[in-house]
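Derivation of every value follows stated rules applied to the coordinates shown; laboratory data play no part. Bear in mind that the values here come from a model prediction, so they are computed numbers and not experimental data. Backbone-built Cβ (ideal geometry, glycine too); neighbour counts: all protein chains shown.
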Amino acid sequence: MSRTARAKLHRPRQRVFVSGSEALSKAVQGDREMAALIKTAPRLDIPIVTSALTTLEARDPRATSRQALWNRTLSRIRIMHTDDQEIAMARDMLKAAGLQVSARIDEPPQS
C-alpha cells in the first residue's frame, strides 16, 4: 500500500450535519434539542448544510413573530443550491438504497 493510501486511511473523516425541513422547523419552533445542536455544531467544527429548497419547505409564512429566530437559525447553516442533475443523482441513490422517493413528505408511499 502506498504512503498516500495509508495517509488517507488515517485521515479523520469530517462530520457534516445535513438538516432537513423537520430539523429547521423544530429549531424555529423553539425545540431546545435542535436549537442546541445548531448552535453547538459549528463550535465542534461540524458544518450544518441544507438545500435551498428545504428552506422553502420548512418556512412557515404565518409565523411572522419568529422571523428573527428564522434569520438567526439560517445564519448558522450553509445553504446549498442544487441543480436538476444533483437532484436526479440523489433520487437514484435513494432508489438504489431501497428507500422511497416521494415528491412531497405528506404524500403516501407509492407501491
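General remarks:
- Dipole of the range 38-103 computed with +1 at Lys/Arg Cβ and -1 at Asp/Glu Cβ about the Cα centre; of Trp70, His81, Leu94, farthest Cα towards the positive end is Trp70.
- Counting only Cβ charges, +1 for Lys and Arg and -1 for Asp and Glu, the dipole size of the range 28-79 around its Cα centre is about 200 debye.
- Stretchable slack from Asp31 to Arg3, in nm (0.36 nm times residue separation minus alpha-carbon distance): 5.4 nm
- Across all C-alpha atoms in the range 33-98, the radius of gyration and Dmax reach 14.6, 42 Å.
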